[in-house]
Every structure is written in C-alpha cells, then in structure tokens.
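Scroll down for the structure; my scribbles are underneath it.
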Amino acid sequence: MSRFRPVVGASEAITLLFIFISSKVFLTYTVFYYHKGLNASWVIPLITTIAGVVVALLLVALLNRYPGLDLVEIGEELAGPYLNLLFAFFYLALLLLGAGMALRGTSEGVVSGFLTDTPISLVIAFFITGTMVVSYLGLEAVARTARFFVSVLVVTALVLVALTIPLWHWDAFFPLLGPGPLKLLLGSLNFTGDFVQIILLGLICHFLPAGRIRAIGVGGTLIAGFFLFLFTTVPILVYDYPPVTELMLPSFELARIINMGRFGQRMEVLFVPLWVFGNMIFLSISYYAAAVVLTRICKLRDYRPFVLAATVLTAVIAFIPQNVIQAAYWSQLYLGRYSLGMLVAIILLLLLISIFRGKGGGLDEKSN
Amino acid sequence: MLKYLLYRKPSFIPSVFESGIEDRMDENSNQSGGNKKEGSAKDSTGFGNGGRQDQDGRGGGKSKDGGVKSNPVTEKRFAGKIAENKAIDDIMNNKVRLYPGLDNNKQVLEKIFRVPQNKDPVFRPISIGTKPPTRAMLLYLDGITNTQLQNSTILQPLMLLSELRNVGQDGGAAVGNQDDEDFIERIKEAVLPSNQVSEAETFEQVVNDVLNGNTALIIDGFDRAILMETKGWQYRSVGKPQVEAVIRGPQEGFTELVKINTTLVRKILHRPALVAEYVNAGAVGPAQCAVMYLADVANPDLVKEVKKRLELIRADYLSEPGLVEQMIEDSPVVPVPQVLTTERPDRVAAGLIEGKVAIFINGNPFVMLVPCTFFNLTQSPEDAYIRWPAGSFIRIIRYLGLFMALLLPAHYIAIVAYHPEFIPTDLLLAMTGAREKVPFPSIVEVLVMETSFELIREAGIRIPGTVGTTLGIVGALILGQAAVSANIVSPILIIVVAVTALGSFAIPNYSFSLSIRLLRFVYIMLASVMGLMGILVGVYIHIGVLVSLKSFGVPFMAPAAPVTIKGTDYFMRGPVWSQEARPDYLDPLKTRRQPPKSRSWLRRGRGKRGGGGK
C-alpha cells in the first residue's frame, strides 16, 4: 500500500483505537446522553461499551478468518466488487462524516473559547494542515504521535477530573437509574455508534502484531469506554441534572469551573493541549483510514495521494452544517444512532458468507 | 555507406539562452587560440595527448551530472591542461602499475605531483650501498615527514649499512634476475628498520601513501616500491574538551589526528573486540574515516550500513563531521541532527559499549556516534558521573531549558496578543503596564529582541578574544538597558529573552541547540498568527515529524515512540546498578550489560533494589 510497510506495536494500536473512539468526549457529543439518561446517563457509556466489545469481537472473528487482509479486501473476497463498493463507501462515509463533524466542533470550540476574532476558516485550515502532515507521513507516524501524546492526554484528563473532586455532588446520582432501566437501555441504543470507530481495527489489522488483534480491539474499546464513562459522569456530579444538559462543551466547562485561589484562575488554558491534541489525533487517524479505504477502492498501492483528497472532503463536510449545534446533532443522529448497527450488519453478512463458503480464498496468500 | 549519407550524427549546438556563452566564445576565441598548443606534445609516458580526451561532442552544454554546466570557453582555452589532468586521473583511477625503469617512474610521479611548479614533493636520488651500487629514489612530501626518522631508518641503512647486511647483487638477489623478489624482501627485512614497511605496485598506492606522510623507495629495475612509515606532521596535543566541558569526569578531548583519537578510545576500552576499520570518503580530497565498534556487541547490520554509506559518498571534499553527517544521515532536510557529535573519548566509549558505531574523521576533533536518538541529544556525559538523583534532576532542568528555548517567546506572543485572559489578573496588570509605552505589536518586539540576541551570539563567536568583553558591554547595554529605556521593548520581554537564552545554553548538543534556535522562530511565527492554537498545531507536526525520523534505521524517538524495552537511562537518569540491559532499539549482539546482582557485595536478602539481589 505504501513505500514502506509500517509496523505498529500493540500499545500503539490500543492507543490509536482508544483515542479514536473516545476523543468525542471533548466535544458536544456527550450532552445528548443527558437528554436520554437524565441523571443516570453514566449508565449509557457502560452499555455502549459492552456493545462495542461485542462488535470488536465480531470484527476480530472475521479478520482472523482472513489473515493478511483488511476489512475492505475481505469484503471484496466475500461479497464481490460491486457489493463491497457499497460497503467501502459506507466505511468512507463513517470516517469522513465523523472527521468533518469533529473538525467543525473543534474549530468552533477554539473560536468561541480562545480565538474569538479569528475566522473559523483559518482555524480549520490550521487544523487540517497539521493533521494532514502527520497522516501523510503514514500509519507509523500517526500511531507513534498518538503514543507519544497519550501520557500527556491521560494525565491531563485525570488531573482535570481530580481537580473537580471538591465540586462533586454525590446526591446527583439519585435516583440511581434515572428514567428507569428500560428507558436507559433503549436510550443507550441511540449511542451505540460511539464505538463505530472500531472499524479502524479492520483497516490496520495487517500491520498489527499477529495474534494480538483481539486483545488490541477489546483493550482499546474498554479504555475508551472508561474515559467515556468518566467524562459523562463527572459533569453530572459537578453540574447536576438538569443544568448539565445546557452545557455546550462539558469538558471545557469542567476546566473553567476549576479555581485554585487568587492566582489559579482560568485553568482551562492548562487543558487546551488535551482537547487540541486529542482531536488532532482523531483527525489524523480519520484521514489515514479514509485514504486507505480510497486506496482499496481504487486498487492502488500508495495511500498518500488520497490523504489530501480525504482532507478536502472533510473540510467540505465540516462546512455543511449551519452551526456547531447542527453538526453535533447530525453527528449524534447519523453516526451515533445508526452507524454501529449498519457496521454489525455488514460484519455479520460477511461472516455468514464466509461460513457458507468455507474459510479461505485466493487472497489469503496476498499480503499488502 | 548509404546510411552514413542519410544519417548524420547530431552535434551539440549551444543554445543562445545559455548565459551569453556564445558571446564569450567569440570574445575569447583569439585568446584561446594561443593556448591550444598547451599539452600537445605527447611524451613517452602518455601525457599530453594533444587535446581534449572527453570529446563527447557536447561542448559546454548541460553535463550529465545533475545539470551542472561546464564552461566551453574554459574547456577550449585550457584543453591541454584538462587533458593532462584527465590522464593523471586515469593513471590513478585505473591503478596503473609502476614501470621497471626508475626514470620512467620519476617522470610519471613528477607529472602527478605537478613538479616543477609544486615545490613540496622531494625526489631524492640515492645509491644503495650494494656492490655494485643500485640506483634508487626516495619520494616524500617536505614538511609532513619526520626527517630524523628518514635519516636514521632509511637513508643511513640504505646508503651506508646495506653492504654490512650482505644485501646486494653478490650477496643477495641480483637486480634483473629472477630473484628480484628476494632483493626487495631482503631490503625490507634486513636493511630498513622502519616499524611499518609495505610494498606498492601502482602509482595510486605510492601517491596516496606519500600524501599521508610516508616515504616511498623506488629502486631502479623494479616495478614495485617500498613504502615506509615516516609521518611527522604537526598536530595539537590532547587537551580539554572545548564544547563538552564537565565538572566531574575525564578532562580529555579528541584532537585532529584520527590515530590519536582512536587511541584515546582504546585507552578506555581495553578490548580485543574493539575494531577500527578505515574508509575513505570523498573523491578529490578523500577524508580518512575510521569506523570503530565493538565486534561482539554492535549489530553487524548497523556496522555494514555505516561502512556502506561512507563508501558510497560521492563528493569532492569532506573534511568535517558536519559535512559527512549531511551525506550519511537518513533525512537531511529535517532540521534535527540525526548523528551525535562529541569530542569526548569517554562518551564515545560509552556509546560503543551500548552497541553504537563511532565514525572518526581525520583532521577533526569531533567524532560521530550512530545511531542517535532524541534522548541522546539531551544527555550530557556528566549525568552518568554524578549520583543518579542529581543526574535525574539535572535532566529535568535540561528538559525545562529545552522547552523554554523552543517555546517561551512564542508563548509570550500568544498570551500578550491573543490570550491575555489566561494569566492571573495581577500578572496581567503588571505585563500590560510594562508594555504600555511600547509602540510595537508583540511579534515585532519579540523579533527585534530575538534577532538582536542571535546577532550578539553570532558576533560573540566570531569576535577576537581580546575585544570579547566589548561585546558583553554592548550586548548588556543594548539588550538590558537602552532598549527598555527607549520604550522599544518591555522589561518582561527582556526576562523572556534572557530565560530563552539560558534554556538554549542548557542544551548539551550544539547541533541540537542550533536546530532549536531555528525552530523557535517558526513557533514565534505560528504564535503570531494563531496564538496558542498555532503553537499546539506546530508541536503536533513537530512531534509527527520526529517520530517518523530514523537514524540509521533506528527510530529517532525510541524508546518512547515506538515503545521498546526501556532501560532506566533515557528520560531520567536511573541508578547505575539498575541499568542491566543495553538499549533494545540498537538490537545489539549482547543485550545484557551487567548481571542482576551488580552490587554483589551486598549480603543475601538485602539491597534487592540496589542491584544486590537475593
């Protein structure tokens, strides 16, 4: 696919996966939880994490049947080129739509929070440039950049949570199951798409250590679930329900409320790297993955020409919503509600075809 | 025949767009005519073949070597000289053998050394004291040979003592007979008391050895020469390191001679596995490079790669590690050094023990260590010589300095211009008050001060030592007082620039410090355009580029990204007794550096954490 075959270690892959899945906690996305789960919204990430783990296991089961092939190649082997084209466009839509909405949300957040006089187009151009460069350098660069930043991100996120502990109201948990178990369960189905980014595993599987794909998939999903849970729960504890539903960027508001005496005010500046790097890694992964899908569709070997194409498409998508609220709403509606179901349907279909046809195929010997 | 009539070989027609070459040809046509005869006489040794050798019919058009143009006027004017040079190059490159006749050899060597214009080569005719005497000639370069050594170990034995040692046509080998071999061998074994004597069969061997300060003995009737070790050039003695000074630790630095430098390392590492291989890099003035490694530790693939890169350099003159570095590093366009340059033998020895490869360049006191990682560039040898808590603390200070040197001015601009609300109110009031009278925007203010500081730093290096104090006064007055008094900059910026300078001085590697200085301006620009966001985007790209860099195949950010097995000596300085393994990313032949019980004097059950084990 590229000039050099990248090598991604297990820890790097887990980092990629969990940042790719959980970076949405820095955007408006989790606010929708509170409308469905009320004060018990913390249950939603737990349920969706279970769903994510199940989908990860299904995906790994499919990938393990065709070692050396990625999801798009397996689809072509099993479903043929025409049907697989539809599948590939679905993967592409997932990646580009997710990236576009994240780009819009992040840029709007930057403009409203830090650069109030700067045009959003300039902010988007900066983000695009930075993320595109790293995507262009390849999967190794993206994975290692993520791995390099992960300790900063995790420590900063945990510090952010820890500094809000004095503001927690434990009574916000009650009534413990909020709208009731059934409504919580049904409400959670609206957010299963949180974990649709597990698709990344299917696109980079043949660069991962053999035999560890399952551990990577499950590990990445669980860590992402933990951060989703954390950043859903803490705003409830701090702001209580229903005020928490009025937050635009919950994690940003958490940082703003921290006050450490006369000198330690406006602490959100310390957490800016958390939001910026988290979302930039998300965008870089998205561009790379989208470029890989396009490379597979066009049956080419080098992903790099498509990085710019993916970037341009993302920028176009980012400007489609009229405002950031609409971007967040579309993201929840189209990605959060339906996407994981469609992905599961595709994986199940491919698994069924695989079982029906028996394992193996001409592409088994083909390696990247 | 017909095809020759129909087909005419295309000849080169100089373009009128080529910088007025045609005009110059016309102008110089008369002058060049007078020089056409130069070198036209062809002598018995093949020189002066009467014209240009490279008649490729292209004149002064674009050459095949990357579009570098040669001047047709010059070529025409000095055709004879060019032909002569080419003939000499052919003799050297084609490894032409020596002639049996002494006079022929002398004639060729005089041509090669451009005698009589060149006064340094000495062709000393001698008569070897055999019966009958044998004609011979010594060839050496005046000034780089040890004359006392020549007198006592070459001239005296050959001219006076050879008869006593029974060497000659009567007693030994007869010249011109089938026993020529014995005569040369007898001279080497019995007459010449030099410590290193070898034979040469080609002009190229003779010339290269003579250029290295040795003496060649060419005997009439023999198509071989004897080469004797007589190097005697002046060199600087081993002194203190000039750039990498330490408080604790050895105070020896490398000098300019490669042999002395390798010896300094050998003095530290008494190991038979310490190998020094010699490679010449460059064409016109080949640099003698020594590749040193521990054969039982260094990865053979790494050694092979280093030698391959050095041998495949195609350049005229590479006298300095900085030049060789640019030829052998993986990504020369990235402004980050991918080779560790040091002038300390102890640091080279430590690197070799880890499994690295050292590259010595003759004539330079800096030695390259490869592969090199980011963490190597931020470490100082002294980290290892002091106790580990202090070593770790110093490293933290150094990382802080690195951060300051790279990002502090950019943060100043970002906060002043874009995010004043980020700083506490009292501090904001102080800063605003200090900047009240400054008429410039913060970016101009910072650029003025940073550029002034870089100017002072550059001038400080170039200025003669006797007037160095003047520069300090000028710098202090301009930077410290006058700029503030004139309301050109704010006092806070003076603090920012000073702390930035201190940070850059704390970086232990000069090349790395230079790259940080360069990148600082990039970050200043980014901050001036997008504030903190610009800095963060810059950092993201910076890290993305760094993690994809490689130094001789080893990831530059290892062992942090990619994650490999970490020792206790990469980010912080761990205890020496816990550094049991060599760096994993070097893939050495021996991975273990010391046993788990490195402090085995501890009693059983005590000091497990101290390397004593149970």
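The values are calculated or read from the model by the stated rules, or taken from the named source; none is laboratory data. Every value quoted in this text rests on a predicted model; they were computed, and no experiment measured them. Positions of Cβ are backbone-derived with ideal geometry, glycine not excepted, and every protein chain shown enters the neighbour counts.
If you go through region B:404-437 and keep only what is surrounded by fewer than 13 Cβ atoms within 10 Å (Cβ to Cβ) and at pLDDT 90 or above, you end up with nothing. Within region B:464-477, the set of residues being farther than 24 Å from B:Ile494 by Cα and not hydroxyl-bearing (Ser, Thr, Tyr) comprises B:Pro464, B:Gly465, B:Val467. Among residues of region B:545-564 that are touching a residue at least 24 places away in the same chain (Cβ under 8 Å), those with a Cβ under 6 angstrom from a residue that is among the basic types (Lys, Arg) and part of a loop (DSSP other than H, G, I, E, B), sequence gap 6+ or separate chain, pair up as B:Pro559/B:Lys566. Whether a residue is farther than 25 Å from A:Gly52 by Cα and buried (at least 24 other Cβ atoms within 10 Å of the Cβ) was assessed, and A:Thr131 passes this test.
Which is within 19 Å of B:His411 (Cβ to Cβ) and more than 14 Å from chain A (Cβ to nearest Cβ), of B:Met449, B:Met530?
B:Met449
Here A:Pro235, A:Pro242, A:Pro209 are screened, and the one residue that is within 14 Å of chain B (Cβ to nearest Cβ), touching a residue at least 12 places away in the same chain (Cβ under 8 Å) and of a type outside the set (A, V, I, L, M, F, W, C) is A:Pro209. Quick one: which residue in B:Leu407, B:Leu400 is away from chain A (no Cβ under 11 Å) and touching a Phe, Trp or Tyr at 6+ places or on another chain (Cβ under 7 Å)? B:Leu407 is the lone residue from the list that is away from chain A (no Cβ under 11 Å) and touching a Phe, Trp or Tyr at 6+ places or on another chain (Cβ under 7 Å). A residue that is under 19 Å from B:Gln156 (Cα atoms), at pLDDT 85 or above, surrounded by 21 or more Cβ atoms within 10 Å (Cβ to Cβ) and not assigned by TED's automatic domain parsing to the domain that holds B:Gln288 can be found somewhere in region B:198-214. The condition of being within 19 Å of the chain's Cα centre (by Cα), part of a helix (DSSP H, G or I) and away from chain B (no Cβ under 14 Å) does not hold for A:Ala309. Does region A:94-110 include one or more residues that are farther than 26 Å from A:Val7 by Cβ, β-branched (Val, Ile, Thr) and within 14 Å of another protein chain (Cβ to nearest Cβ)? Looking for residues that are farther than 26 Å from A:Val7 by Cβ, β-branched (Val, Ile, Thr) and within 14 Å of another protein chain (Cβ to nearest Cβ), one finds at least one in region A:94-110, hence yes. Of the residues making up region B:116-129, just one is in contact with a Ser or Thr (Cβ under 6 Å, 6 or more places away or on another chain) and in a loop (DSSP other than H, G, I, E, B), namely B:Gly129. Of all the residues in region A:249-281, those that are within 12 Å of another protein chain (Cβ to nearest Cβ) and assigned to a helix (DSSP H, G or I) number 17. Filter region B:542-559 for residues that are out of contact with any Leu (no Cβ under 7 Å at 6 or more places or on another chain), at the interface with chain A (Cβ under 7 Å from one of its Cβ atoms) and crowded, with 21+ Cβ neighbours inside 10 Å and give the result. Hit for region B:542-559 is B:Val547, nothing else. Scanning region B:502-536 for residues that are at negative phi and either among the small types (Gly, Ala, Ser) or not in a helix (DSSP H, G or I) (or both) gives B:Gly503, B:Ser504, B:Ala506, B:Ile507, B:Pro508, B:Asn509, B:Ser511, B:Ser513, B:Ser515, B:Ala527, B:Ser528, B:Gly534. Look at A:Ile19 and say whether it is within 14 Å of chain B (Cβ to nearest Cβ), surrounded by 22 or more Cβ atoms within 10 Å (Cβ to Cβ) and over 30 Å from B:Pro420 (Cβ atoms). So A:Ile19 fits the description; yes.
Among the numbered conditions (1) hydrophobic (A, V, I, L, M, F, W, C); (2) modelled with pLDDT under 85; (3) closer than 27 Å to A:Val150 by Cα, the only one that B:Val537 does not meet is (2).
Somewhere in region B:362-374, is a residue in contact (Cβ under 8 Å) with a residue 24 or more places away in the chain and within 14 Å of chain A (Cβ to nearest Cβ)? Talk me through it step by step, then tell me what you get.
Narrowing region B:362-374 to residues in contact (Cβ under 8 Å) with a residue 24 or more places away in the chain: B:362-374.
Next cut, within 14 Å of chain A (Cβ to nearest Cβ) only: B:373-374.
Looking through region B:362-374, at least one residue is in contact (Cβ under 8 Å) with a residue 24 or more places away in the chain and within 14 Å of chain A (Cβ to nearest Cβ).
Would you point out which residue out of B:Val539, B:Val563 is part of a loop (DSSP other than H, G, I, E, B) and either basic (Lys, Arg) or within 13 Å of another protein chain (Cβ to nearest Cβ) (or both)? Step by step, each of B:Val539, B:Val563 is checked, and only B:Val563 is part of a loop (DSSP other than H, G, I, E, B) and either basic (Lys, Arg) or within 13 Å of another protein chain (Cβ to nearest Cβ) (or both). For region B:84-101, filtering for residues that are at pLDDT 90 or above and of a type in the set (Asp, Glu) leaves 0. Got at least one residue in region B:299-311 being assigned by TED's automatic domain parsing to the domain that holds B:Val367, assigned to a loop (DSSP other than H, G, I, E, B) and at pLDDT 90 or above? Yes, there is a match, as at least one residue in region B:299-311 is assigned by TED's automatic domain parsing to the domain that holds B:Val367, assigned to a loop (DSSP other than H, G, I, E, B) and at pLDDT 90 or above. Scanning region B:319-370 for residues that are in a helix (DSSP H, G or I) and among the β-branched types (Val, Ile, Thr) returns B:Val324, B:Ile328, B:Val348, B:Ile353.
For region A:188-224, filtered to residues that are more than 22 Å from A:Ala291 (Cα to Cα) and of a type in the set (D, E, K, R), the residue that is farthest from the chain's Cα centre (by Cα) is A:Arg212.
A count restricted to region A:112-168 and to residues that are within 9 Å of chain B (Cβ to nearest Cβ) and under 18 Å from A:Met267 (Cβ atoms) stands at 1.
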